[in-house]
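To start, the structure under review is shown below, and the notes come after it.
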Amino acid sequence: MNTKQIACSQHPEEKLVCPWQLAPFMDNFLRPLIHNPRRLFKPYVRFGMTVLDVGCGAGFASLGLAELVGEEGKVISADLQPEMLDFVKRRAVKAGFGNRVRTHRCESNRIGLKAELDFALAFFMLHEVPDERAFLEELYDLLKTGGLFFLAEPKVHVSKRKFENVVQIAQSLGFTEIKRPAVRLSRALLLMKGEDYLTP
(Lines give C-alpha, C1' and ligand atoms only; values in the text may rest on other atoms or scores of the structure.)
Protein backbone atom coordinates (compact mmCIF):
# COMPACT_ATOMS: atom_id res chain seq x y z
CA MET A 1 0.00 0.00 0.00
CA ASN A 2 1.13 3.56 -0.59
CA THR A 3 0.17 7.02 0.54
CA LYS A 4 -2.10 7.52 -2.47
CA GLN A 5 -4.48 4.75 -1.49
CA ILE A 6 -8.10 5.70 -1.48
CA ALA A 7 -9.56 2.92 0.55
CA CYS A 8 -9.40 2.30 4.25
CA SER A 9 -6.48 0.64 5.95
CA GLN A 10 -5.25 -0.12 9.42
CA HIS A 11 -1.55 0.43 8.87
CA PRO A 12 -0.14 2.86 11.44
CA GLU A 13 1.31 5.20 8.80
CA GLU A 14 -2.07 5.60 7.08
CA LYS A 15 -5.49 6.89 8.05
CA LEU A 16 -7.60 4.46 10.03
CA VAL A 17 -11.20 3.50 9.51
CA CYS A 18 -13.87 2.64 12.00
CA PRO A 19 -13.26 -1.05 12.82
CA TRP A 20 -16.04 -3.39 11.86
CA GLN A 21 -16.35 -4.61 15.46
CA LEU A 22 -17.95 -1.27 16.37
CA ALA A 23 -20.61 -1.47 13.67
CA PRO A 24 -23.39 -2.91 15.89
CA PHE A 25 -22.88 -0.08 18.35
CA MET A 26 -22.81 2.72 15.77
CA ASP A 27 -25.59 1.50 13.47
CA ASN A 28 -28.21 0.59 16.03
CA PHE A 29 -31.90 1.39 16.49
CA LEU A 30 -31.04 4.87 17.80
CA ARG A 31 -29.13 5.94 14.68
CA PRO A 32 -32.22 6.99 12.68
CA LEU A 33 -33.13 9.41 15.46
CA ILE A 34 -29.95 11.34 14.67
CA HIS A 35 -29.49 10.61 10.97
CA ASN A 36 -32.69 9.47 9.29
CA PRO A 37 -31.80 8.32 5.76
CA ARG A 38 -35.31 8.70 4.38
CA ARG A 39 -35.54 12.30 5.53
CA LEU A 40 -32.00 13.19 4.48
CA PHE A 41 -32.03 11.68 0.99
CA LYS A 42 -35.67 11.63 -0.11
CA PRO A 43 -35.40 15.03 -1.89
CA TYR A 44 -32.69 13.65 -4.17
CA VAL A 45 -33.37 9.92 -4.65
CA ARG A 46 -36.13 8.63 -6.92
CA PHE A 47 -37.65 5.26 -7.75
CA GLY A 48 -35.55 3.29 -10.21
CA MET A 49 -32.28 5.09 -9.51
CA THR A 50 -28.88 3.42 -9.20
CA VAL A 51 -27.18 4.77 -6.10
CA LEU A 52 -23.86 4.20 -4.36
CA ASP A 53 -23.27 4.20 -0.61
CA VAL A 54 -19.48 4.25 -0.43
CA GLY A 55 -17.90 3.50 2.91
CA CYS A 56 -21.27 2.04 3.81
CA GLY A 57 -20.27 0.54 7.15
CA ALA A 58 -23.05 -1.65 8.49
CA GLY A 59 -25.54 -0.09 6.08
CA PHE A 60 -27.73 2.37 7.99
CA ALA A 61 -27.90 4.58 4.88
CA SER A 62 -28.00 1.70 2.41
CA LEU A 63 -31.26 0.39 3.83
CA GLY A 64 -32.90 3.79 3.72
CA LEU A 65 -31.71 4.30 0.16
CA ALA A 66 -33.05 0.87 -0.81
CA GLU A 67 -36.48 1.91 0.37
CA LEU A 68 -36.30 5.11 -1.69
CA VAL A 69 -35.18 3.52 -4.99
CA GLY A 70 -37.95 0.96 -4.90
CA GLU A 71 -38.09 -2.46 -6.56
CA GLU A 72 -36.77 -1.17 -9.87
CA GLY A 73 -33.79 0.61 -8.32
CA LYS A 74 -30.43 -0.57 -7.10
CA VAL A 75 -28.20 0.31 -4.16
CA ILE A 76 -24.51 -0.50 -4.33
CA SER A 77 -23.07 -0.71 -0.82
CA ALA A 78 -19.29 -0.41 -1.04
CA ASP A 79 -16.72 -0.88 1.69
CA LEU A 80 -13.19 -2.20 2.08
CA GLN A 81 -14.00 -4.37 5.08
CA PRO A 82 -15.79 -7.63 4.14
CA GLU A 83 -17.23 -7.87 7.64
CA MET A 84 -19.09 -4.62 7.07
CA LEU A 85 -20.47 -5.94 3.79
CA ASP A 86 -21.67 -9.09 5.57
CA PHE A 87 -23.59 -6.89 8.00
CA VAL A 88 -25.21 -5.07 5.08
CA LYS A 89 -26.19 -8.30 3.30
CA ARG A 90 -27.86 -9.73 6.37
CA ARG A 91 -29.69 -6.51 7.19
CA ALA A 92 -30.86 -6.04 3.60
CA VAL A 93 -32.28 -9.57 3.41
CA LYS A 94 -33.99 -9.18 6.78
CA ALA A 95 -35.57 -5.90 5.64
CA GLY A 96 -36.78 -7.46 2.38
CA PHE A 97 -34.31 -5.53 0.23
CA GLY A 98 -32.09 -8.44 -0.75
CA ASN A 99 -32.78 -7.94 -4.45
CA ARG A 100 -32.14 -4.18 -4.35
CA VAL A 101 -28.88 -4.07 -2.41
CA ARG A 102 -25.66 -5.21 -4.03
CA THR A 103 -22.44 -5.24 -2.01
CA HIS A 104 -19.09 -4.31 -3.49
CA ARG A 105 -15.69 -4.62 -1.86
CA CYS A 106 -13.45 -1.68 -2.71
CA GLU A 107 -9.99 -2.32 -4.04
CA SER A 108 -6.95 -1.33 -1.99
CA ASN A 109 -6.33 1.84 -4.01
CA ARG A 110 -9.70 2.72 -5.53
CA ILE A 111 -13.43 2.19 -5.38
CA GLY A 112 -13.01 -0.18 -8.30
CA LEU A 113 -16.60 -0.05 -9.50
CA LYS A 114 -18.07 -0.15 -12.98
CA ALA A 115 -21.45 1.53 -12.94
CA GLU A 116 -23.41 4.59 -14.03
CA LEU A 117 -24.73 6.30 -10.94
CA ASP A 118 -27.65 8.67 -10.43
CA PHE A 119 -26.70 9.41 -6.83
CA ALA A 120 -23.68 8.77 -4.61
CA LEU A 121 -23.29 9.09 -0.87
CA ALA A 122 -20.15 9.39 1.24
CA PHE A 123 -21.28 9.65 4.86
CA PHE A 124 -18.63 10.17 7.55
CA MET A 125 -15.88 8.51 5.52
CA LEU A 126 -14.03 10.99 3.30
CA HIS A 127 -11.76 12.11 6.14
CA GLU A 128 -10.46 8.52 6.27
CA VAL A 129 -9.37 8.65 2.63
CA PRO A 130 -5.64 9.29 2.08
CA ASP A 131 -6.06 10.81 -1.40
CA GLU A 132 -9.26 12.83 -1.44
CA ARG A 133 -8.71 14.23 -4.92
CA ALA A 134 -8.30 10.78 -6.46
CA PHE A 135 -11.38 9.55 -4.64
CA LEU A 136 -13.52 12.48 -5.80
CA GLU A 137 -12.22 12.17 -9.35
CA GLU A 138 -13.19 8.50 -9.51
CA LEU A 139 -16.60 9.25 -8.06
CA TYR A 140 -17.11 12.04 -10.59
CA ASP A 141 -16.42 9.60 -13.42
CA LEU A 142 -18.97 7.12 -12.05
CA LEU A 143 -21.81 9.65 -11.93
CA LYS A 144 -24.05 10.36 -14.88
CA THR A 145 -24.21 13.95 -16.06
CA GLY A 146 -26.63 15.60 -13.66
CA GLY A 147 -25.95 12.94 -11.03
CA LEU A 148 -25.81 14.05 -7.41
CA PHE A 149 -23.19 13.48 -4.72
CA PHE A 150 -24.13 13.90 -1.07
CA LEU A 151 -21.16 14.37 1.24
CA ALA A 152 -21.34 14.50 5.03
CA GLU A 153 -18.38 14.76 7.40
CA PRO A 154 -18.34 14.76 11.22
CA LYS A 155 -17.58 18.13 12.75
CA VAL A 156 -15.56 16.46 15.47
CA HIS A 157 -13.03 15.17 12.91
CA VAL A 158 -13.26 17.71 10.09
CA SER A 159 -12.67 21.42 10.61
CA LYS A 160 -14.49 24.04 8.58
CA ARG A 161 -11.23 24.91 6.83
CA LYS A 162 -10.56 21.31 5.87
CA PHE A 163 -14.12 20.88 4.63
CA GLU A 164 -13.89 23.99 2.46
CA ASN A 165 -10.69 22.61 0.97
CA VAL A 166 -12.62 19.51 -0.08
CA VAL A 167 -15.27 21.74 -1.66
CA GLN A 168 -12.58 23.49 -3.69
CA ILE A 169 -11.14 20.19 -4.86
CA ALA A 170 -14.57 18.96 -5.93
CA GLN A 171 -15.29 22.15 -7.85
CA SER A 172 -11.93 21.96 -9.61
CA LEU A 173 -12.93 18.51 -10.89
CA GLY A 174 -16.19 19.79 -12.38
CA PHE A 175 -18.67 19.39 -9.54
CA THR A 176 -21.20 22.16 -8.96
CA GLU A 177 -22.25 23.01 -5.41
CA ILE A 178 -26.04 22.80 -5.08
CA LYS A 179 -26.69 23.32 -1.39
CA ARG A 180 -25.49 22.73 2.16
CA PRO A 181 -28.07 20.34 3.68
CA ALA A 182 -28.66 20.47 7.43
CA VAL A 183 -27.28 17.28 8.98
CA ARG A 184 -26.84 16.94 12.72
CA LEU A 185 -23.27 16.96 14.03
CA SER A 186 -22.06 17.28 10.47
CA ARG A 187 -20.74 19.44 7.68
CA ALA A 188 -22.75 18.47 4.62
CA LEU A 189 -22.72 19.29 0.93
CA LEU A 190 -24.76 18.39 -2.13
CA LEU A 191 -22.80 18.42 -5.38
CA MET A 192 -23.80 17.74 -8.96
CA LYS A 193 -21.89 16.54 -12.00
CA GLY A 194 -22.59 19.34 -14.45
CA GLU A 195 -24.04 22.81 -14.14
CA ASP A 196 -27.79 22.77 -14.79
CA TYR A 197 -29.80 21.71 -11.76
CA LEU A 198 -33.56 21.83 -11.31
CA THR A 199 -34.67 21.89 -7.67
CA PRO A 200 -36.88 18.85 -7.02
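The values are calculated or read from the model by the stated rules, or taken from the named source; none is laboratory data. Just so we're clear, the structure is a prediction, and the values are computed from it rather than from any experiment. With ideal geometry, Cβ positions are generated from the backbone for all residues, glycine too; neighbour counts draw on all protein chains shown.
Which of the residues spanning segment 121-135 are assigned to a helix (DSSP H, G or I) and over 11 Å from the mean Cα position of the chain (by Cα)?
Our first condition is that a residue be assigned to a helix (DSSP H, G or I); within segment 121-135, this holds for 126-128, 132-135.
Answer for segment 121-135, where residues must be assigned to a helix (DSSP H, G or I) and over 11 Å from the mean Cα position of the chain (by Cα): His127, Glu128, Glu132, Arg133, Ala134, Phe135.
When you check Val88 against the structure, is it of a type in the set (Val, Ile, Thr), closer than 25 Å to Glu128 by Cα and assigned to a helix (DSSP H, G or I), yes or no? Reasoning before the result, please.
Values: of a type in the set (Val, Ile, Thr): yes; closer than 25 Å to Glu128 by Cα: yes; assigned to a helix (DSSP H, G or I): yes.
Yes; evaluated as a whole, the condition is true for this residue.
Check off (1) over 22 Å from Ile178 (Cα atoms); (2) among the aromatic types (Phe, Trp, Tyr); (3) in a helix (DSSP H, G or I) for Phe97 and give me the number that stays unchecked.
Of (1) over 22 Å from Ile178 (Cα atoms); (2) among the aromatic types (Phe, Trp, Tyr); (3) in a helix (DSSP H, G or I), only one is false for Phe97: (3).
Among the residues of segment 148-166, are any under 14 Å from Tyr44 (Cβ atoms), surrounded by 13 or more Cβ atoms within 10 Å (Cβ to Cβ), over 16 Å from the mean Cα position of the chain (by Cα) and at pLDDT 95 or above? Steps first, answer last, please.
Step one: filter segment 148-166 for residues under 14 Å from Tyr44 (Cβ atoms), giving 148-152.
Subsequent filtering for residues that are surrounded by 13 or more Cβ atoms within 10 Å (Cβ to Cβ) retains 148-152.
Next, from what is left, pick out any that are over 16 Å from the mean Cα position of the chain (by Cα): none.
No: segment 148-166 contains no residue that is under 14 Å from Tyr44 (Cβ atoms), surrounded by 13 or more Cβ atoms within 10 Å (Cβ to Cβ), over 16 Å from the mean Cα position of the chain (by Cα) and at pLDDT 95 or above.
Out of segment 43-59, which residues are of a type in the set (A, V, I, L, M, F, W, C) and buried (at least 23 other Cβ atoms within 10 Å of the Cβ)? First the steps, then the outcome.
So in segment 43-59, the residues of a type in the set (A, V, I, L, M, F, W, C) come out as 45, 47, 49, 51-52, 54, 56, 58.
Val45, Val51, Leu52, Val54, Cys56, Ala58, listed by residue number.
What do you reckon, is Leu52 aliphatic (A, V, I, L, M) and in a helix (DSSP H, G or I)?
Values: aliphatic (A, V, I, L, M): yes; in a helix (DSSP H, G or I): no.
When the stated conditions are applied, Leu52 does not pass them.
Mind listing whichever residues of segment 127-149 are out of contact with any His (no Cβ under 8 Å at 6 or more places or on another chain) and in contact (Cβ under 8 Å) with a residue 60 or more places away in the chain?
The answer is Glu128, Val129, Pro130, Asp131, Ala134, Phe135, Glu138, Leu139, Leu142, Leu148.
Out of all the residues in segment 70-86, is one or more in contact (Cβ under 8 Å) with a residue 60 or more places away in the chain, of a type in the set (A, V, I, L, M, F, W, C) and crowded, with 19+ Cβ neighbours inside 10 Å?
Yes, that holds for at least one residue.
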